[in-house]
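Scroll down for the structure; my scribbles are underneath it.
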Amino acid sequence: MEKVIIIGSGPSGFTAANYTARANLSPLLFEGFTAGGIPGGQLMITNLIENFPGFPEGIQGPQLMMNMREQAQKHGTRLITEDVVEVNLKTYPFTVKSMSDETYSAETLIISTGATAKRLPLESEKKLWGKGISACATCDGGLPVFRNKELAVIGGGDTAVEEALHLTQFASKVYLIHRRDELRASKVMQRRVLTHPKVQIVWNKVVEEFLGEQQLTGLKLKDTVTGESVELPVVGAFEAIGHVPNTAFINGQLELDDLGYIVTKKGSTVTSVEGVFAAGDVQDHLFRQAVTAAGTGCMAAVEAEKWLQERAGI
């Protein structure tokens, strides 16, 4: 029987592990294997991170995650590099089943499985990912390589518009590429982007190919009406076509919102099932930042510890 099982790594999972380990709860953490990406989360495919506190010169995403992982282990976290395929939250203690068909019991669960950015199914995208292509303008848009350059955002919803507006602080020009002739974003967001002098909307276009060898140099766009192709020279492209929260293994046992994210009590990480907590991007579709994920990982750990103490009557 485990006191705490943490499902998912990344900033939220490793922070939760660090705090629960230092509270002598001896956490067991499933860091994942293939589901939802790779162990360590989205930062494992992020190059330079300049906005995480404590690194004035920035730090590479994989290095930051290795540091967090090592710190959690140092304080006593036990790691299993497997996906969780099933949980049972209907009986207590909770049970967790791994991909190797092992079953574990826990008094509390912290779910920090994150959300996976939707990506375009192009070979050129895979080749140039992290070399001018990103899924987070807030994370990467201020990097020196993008400053005073022409950039592109792909998408037409609120997130795409927000990303485009954010990039105007750094770029000389931002192209917002949308497959239709009208945006899906809210009216107020549409007004902001339509009237911004640095933003040009490219209507009825889809990305056919990302251009460049070692670094992105442009986009090949296909017109969805005429079928014609044109090239657009840009040094950065930010995909804002949505995220998918990694919650399939929960199988409807927790309350989810309309987008599939875990619903937590306002100002906390408490879920709809007592003793189960959620941290990071799996319950946050607004901020999606490493530092906010780490913050909720801390919250989940503290709340789990308090819940265990209250249950034991301490």
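The values are calculated or read from the model by the stated rules, or taken from the named source; none is laboratory data. Predicted model only: the values in this text are computed from it and were never measured. A quick note on method: Cβ atoms are made from the backbone with ideal geometry, for glycine too, and the neighbour counts reach across all protein chains shown.
What to note about this one:
- When we screen Thr217, Thr247 for residues that are of a type in the set (Ser, Thr, Tyr) and assigned by TED's automatic domain parsing to the domain that holds Gly13, the only hit is Thr247.
- Condition met for Thr138 (in contact (Cβ under 8 Å) with a residue 12 or more places away in the chain, among the hydroxyl-bearing types (Ser, Thr, Tyr) and surrounded by fewer than 17 Cβ atoms within 10 Å (Cβ to Cβ)): yes
- Candidates Gly227, Gly267 - the one that is assigned to a loop (DSSP other than H, G, I, E, B) and not assigned by TED's automatic domain parsing to the domain that holds Gly40: Gly227
Residue-by-condition table, conditions (1) of a type in the set (A, V, I, L, M, F, W, C); (2) at pLDDT 95 or above; (3) assigned to a helix (DSSP H, G or I); (4) under 16 Å from the mean Cα position of the chain (by Cα):
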site	(1), (2), (3), (4)
Ile5	yes, yes, no, no
Pro11	no, yes, yes, yes
Tyr19	no, yes, yes, no
Leu25	yes, yes, no, no
Gly32	no, no, no, yes
Gly37	no, no, no, yes
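- A count restricted to region 95-143 and to residues that are part of a helix (DSSP H, G or I) and among the hydroxyl-bearing types (Ser, Thr, Tyr) stands at 2.
- Looking across region 78-113, the residues that are under 20 Å from the mean Cα position of the chain (by Cα) and either hydroxyl-bearing (Ser, Thr, Tyr) or closer than 30 Å to Lys205 by Cα (or both) come down to Thr81, Ser112, Thr113.
- Residues of region 144-161 satisfying the condition of being touching a strand residue (DSSP E or B) at 6+ places or on another chain (Cβ under 7 Å), over 14 Å from Glu239 (Cβ atoms) and not in a helix (DSSP H, G or I): Lys149, Glu150
- Scope region 216-231; condition surrounded by 18 or more Cβ atoms within 10 Å (Cβ to Cβ) and in contact (Cβ under 8 Å) with a residue 24 or more places away in the chain; matching residues: Leu216, Leu219, Leu221
- Pro27 being surrounded by 19 or more Cβ atoms within 10 Å (Cβ to Cβ), under 27 Å from Gly132 (Cα atoms) and either free of Cβ contacts under 8 Å to residues at least 24 places away in the same chain or not hydroxyl-bearing (Ser, Thr, Tyr) (or both): no
- For the criterion of being buried (at least 16 other Cβ atoms within 10 Å of the Cβ), not in a strand (DSSP E or B) and not hydroxyl-bearing (Ser, Thr, Tyr), Ala185 passes.
- As for region 1-13, it holds at least one residue that is surrounded by fewer than 19 Cβ atoms within 10 Å (Cβ to Cβ), more than 15 Å from Gln289 (Cβ to Cβ), in contact with an Asp or Glu (Cβ under 9 Å, 6 or more places away or on another chain) and not basic (Lys, Arg).
- Selected residue [among the acidic types (Asp, Glu), more than 22 Å from Thr292 (Cα to Cα) and touching a Pro at 6+ places or on another chain (Cβ under 6 Å)] from Glu31, Glu102, Glu107, Glu82: Glu107
- Verdict on Ala164 being part of a helix (DSSP H, G or I), of a type outside the set (D, E, K, R), under 30 Å from Pro56 (Cα atoms) and in contact with a Leu (Cβ under 8 Å, 6 or more places away or on another chain): yes
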